[in-house]
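The values are calculated or read from the model by the stated rules, or taken from the named source; none is laboratory data. On a predicted model such as this, the values are computed, not experimentally measured, just so you know. Positions of Cβ are backbone-derived with ideal geometry, glycine not excepted, and every protein chain shown enters the neighbour counts. Ligands, DNA and RNA are stripped out before the accessible areas are found, and what is left, the full protein with its side chains, is counted by its heavy atoms. Shrake-Rupley method; radii C 1.70, N 1.55, O 1.52, S 1.80 Å.
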Amino acid sequence: MEPWIEAMFSETYVDEAIDRFGIQVSNIRKLGDFENYVYEVKENERTWILRFTHSSHRTLEEIKSELLWVNQLSDAGVQVARAYPSIKNEMVELILTEKGTFYACLFERVPGNAIKVNDDFFGPALFEAWGKEIGKMHRFSMKNKVSFMRARWDEGDLLQFDRYLSKPEDARIIIEGKRLIEEIQTFHETGNTFGLIHSDVHHGNFHYDGNAIHLFDFDDAMYHYYVSDIAIPLYYAVWQKCGTASFTERSSFATAFLRSFLKGYREEANVSYEWLKTLPYFIRLRDFELYTVFHKKYDVTKMNSKEKAMLDGIRERLIHSELIAEPALEDREKWIEST
C-alpha cells in the first residue's frame, strides 16, 4: 500500500465496517494490504472476507460494477466469492476520511484451501480445473455481452510508464512498453475475443478443493482480450514454480501447463490456435505491468534482497526483449482448432 494511504488507515474502520455489515465477530485476521486492506472475519461457523479499497484506487461505480458482475457469475454457476450487502442493504459501505474514502465490501470465504507451488497437487489436474473455471467465466461474458463500469486494459494505471518509471534509467523500457501497447491495440476486438475478464487469476487468487477452483479478488477486472486471462495464469505459474531455472526449462513447464490448462478451458469456451499464437504479447505485457507496480508501490532503493532480485529479473527480460517463458505451439495438429 502507498505510504500516504497506510498512514491514514485505521483499525477503527474495521470495527465500523463490521458493525455496518452486522457481523457477530469471533476472530479477525489481516490477510493483505497490497492494493486493498483485506481481513478474514469469523462469525461462529461462518467466515467472511472484508475488503477496504481507497477511492484513489477505484471509483465507487467501478466497485459496484465488480460486485454486480461477481454475483451474476455466481448465479450462472461460476465458482466465485459472492458479495453480500450491509444491514442497510448497501453492497458498498463508505468510510469518509480527510483524504478520500475507503469503500468497504463483504465477501463469503470460498471453499477449499490456498495453493502453494510446492504442493504435490500443483500439477495437471489443478491446471485443468484452473482452465475450466476461467473458461466458464469467459463463456458467461461472451454469451451475455456484459456492460459494466470497468476500464479497458489500455486505460490502466500500470501502463502509465512515464508516471512511475525513471526516464533517464528506463527510457528504453518506456519506449518498448508503449510500442507493445500500440501493437496489441491493433488486434481485433470481437464478442468472442474481447470482454470483461478477471485479469489476475494467479494461484494466490483462488482456493482449490481437490476438484474445482474457487475464484476471488476481482479488483483488477477489466475489459481485455480473453487470451490475457490465459497468459497471466501461465506467467505466474512459471514465475513461482521455476522462475530461476533456465529459459528452456521454464518454457518446457509452460508448455505442459498450457496443455493441461487448455484441456479444461476448452470444455467451456473456445480459443483458436491463431489467438494462442498471441500469448507472447500478453506474457510480455505482464512483465511491463509488474515492473511498473514495483516502482509504484515501493521505494526501489530500499528493497530487500528478494524483492530486488525479482525486479532485476523483470528488468533484464525487458531490456533484452526476452520472455519469462514461451510455450511450444509449433505442432498445430495436436491443438484443438476452434473459432
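Any chance you could check the Cα centroid distance between the stretch 183-235 and the stretch 143-164 for me, in angstrom?
Here the answer is 13 Å between Cα centres.
Taking K and R as +1 and D and E as -1, what net charge do the other residues with C-beta under 13 Å from the C-beta of Leu67 add up to?
-4
About its Cα centre, how strong a charge dipole does the stretch 1-124 have in debye, to the nearest 20, once Lys and Arg get +1 and Asp and Glu get -1 at the Cβ?
Using only the charged Cβ atoms, the result is roughly 200 debye.
What is the percent carbon and sulfur in the accessible area of the stretch 186-312, measuring with a 1.4 Å probe over the protein chains and ignoring ligands?
50 percent
Give me the net charge of Glu249's neighbourhood, meaning all other residues with Cβ under 13 Å from the Cβ of Glu249; Lys, Arg count +1, Asp, Glu -1.
That works out to +1.
Give, as a single signed number, the net charge of other residues whose beta carbon lies under 12 Å from the beta carbon of Thr47, with Lys and Arg counted +1 and Asp and Glu -1.
Taking every Cβ under 12 Å from that of Thr47, the sum is 0.
With labels modelled as points extended 7 Å from the Cα through the Cβ direction, what inter-label distance (nm, one decimal) is found for Phe34 paired with Ala151?
Here the modelled spin labels are 1.7 nm apart.
In whole Hz and in residue order, list the ³J(HN,Hα) couplings for the stretch 90-96 that follow from phi through the Karplus curve 6.51 cos²θ - 1.76 cosθ + 1.60, θ = phi - 60°; x for Gly and Pro.
With coefficients 6.51, -1.76 and 1.60, one gets 9, 6, 10, 9, 9, 10, 7 Hz.
Expressed as a whole percent, how much of the Cα-Cα distance distribution for the chain exceeds 26 Å?
Tail fraction, whole percent: 51.
From the phi of every residue in the stretch 62-67, what ³J(HN,Hα) in whole Hz does the Karplus formula 6.51 cos²θ - 1.76 cosθ + 1.60 yield, where θ is phi - 60° and glycine or proline is x?
Those phi angles translate into 5, 5, 4, 5, 4, 5 Hz.
For the stretch 56-97 and the stretch 5-49, write down the distance between their C-alpha centroids in whole Å.
16 Å
Along the Cα-to-C-beta direction of Lys241, a point sits 7 Å from the Cα; which residues of the stretch 173-204 have their amide N less than 15 Å from that point?
202-204
If I take R0 = 51 Å and measure r between the Cβ atoms of Tyr273 and Thr59 in this structure, what FRET efficiency does the formula 1/(1 + (r/R0)^6) give, to the nearest 0.05?
Efficiency for this residue pair is about 0.85.
Can you give the calculated 222 nm mean residue ellipticity of the chain, where each DSSP H run of n ≥ 4 adds -39,500 (n - 2.57) and the sum is split over every residue, rounded to the nearest 500 deg cm²/dmol?
Value at 222 nm, helices only, nearest 500: -13500 deg cm²/dmol.
Which Cα, out of Val117, Ala81, Thr97, lies furthest along the positive dipole direction of the stretch 76-162 (beta carbon charges, K/R +1, D/E -1)?
Ala81
Apply the Karplus curve 6.51 cos²θ - 1.76 cosθ + 1.60, θ = phi - 60°, to the phi angles in the stretch 253-261 and return the couplings in whole Hz, x for Gly and Pro.
3J(HN,Hα) across the stretch 253-261, in whole Hz: 5, 4, 5, 5, 4, 5, 4, 5, 4.
In the stretch 13-76, what GluC sites (Glu not before Pro) fall in a loop by DSSP, with at most 14 other Cβ atoms inside 10 Å?
Hits after loop and neighbour filter: Glu45.
Would you mind working out the magnitude of the charge dipole of the stretch 1-65 relative to its Cα centre, with +1 at each Lys and Arg C-beta and -1 at each Asp and Glu C-beta, to the nearest 20 Debye?
My answer is approximately 200 debye.
Kindly express, to the nearest 10 degrees and within the range 0 to 90, the angle between helix 228-242's C-alpha long axis and the longest C-alpha principal axis of the chain.
With rounding to tens, the tilt is 90 degrees.
Please compute the contact order of the chain in relative form: average sequence separation of alpha-carbon pairs under 8 Å and at least six residues apart, divided by the residue count, as a percent.
18 percent
Using only Cα atoms and rounding to the nearest 10 degrees, what angle (0 to 90) does helix 11-20 make with the longest principal axis of the chain?
80 degrees
Which of Asp33, Asp15, Asp299 moves the most in a Gaussian network model of the chain with Cα springs under 10 Å?
Highest fluctuation of the listed residues: Asp299.
Sticking with the crude label model, points 7 Å out along Cα→Cβ, report the distance from Ile87 to Asp120 in nm, one decimal please.
Here the modelled spin labels are 4.8 nm apart.
Rounded, prolate or oblate: which fits the stretch 142-215 when a ≥ b ≥ c are the square roots of the eigenvalues of the alpha-carbon gyration tensor, with rounded for a/c under 1.5 and prolate only if a/b beats b/c?
Cα axes put the stretch 142-215 in the oblate bin.
In debye to the nearest 20, how big a dipole does the chain give about its Cα centre with +1 on each Lys and Arg Cβ and -1 on each Asp and Glu Cβ?
320 debye
If I fit a long axis through the Cα atoms of helix 167-184 and take the longest principal axis of the Cα atoms of the chain, what angle between them do I get, 0 to 90°, rounded to 10?
80 degrees
Take every Cα-Cα pair in the stretch 87-209 and report what % of them are more than 19 Å apart.
The calculated P(r) of the stretch 87-209 puts 70 percent of pairs beyond 19 Å.
Could you count how many Lys pairs in the stretch 191-339 have their Cα atoms under 28 Å apart, skipping same-chain pairs fewer than 8 positions apart?
15
Taking the Cα centre of the stretch 1-103 as the origin and placing charges on Cβ (Lys, Arg +1; Asp, Glu -1), which of Val25, Thr59, Val38 is farthest toward the positive end of the dipole?
About the Cα centre, the residue reaching furthest to the positive side is Val25.
Could you give the spread of the C-alpha atoms of the stretch 1-130 along their three principal axes, from largest to smallest, in whole angstroms?
The Cα atoms of the stretch 1-130 stretch 50, 32, 31 Å along the principal axes, largest first.
How many times 2.2 N^0.38 Å is the alpha carbon radius of gyration of the stretch 239-334?
Scaled against compact globular proteins, the figure is 1.25.
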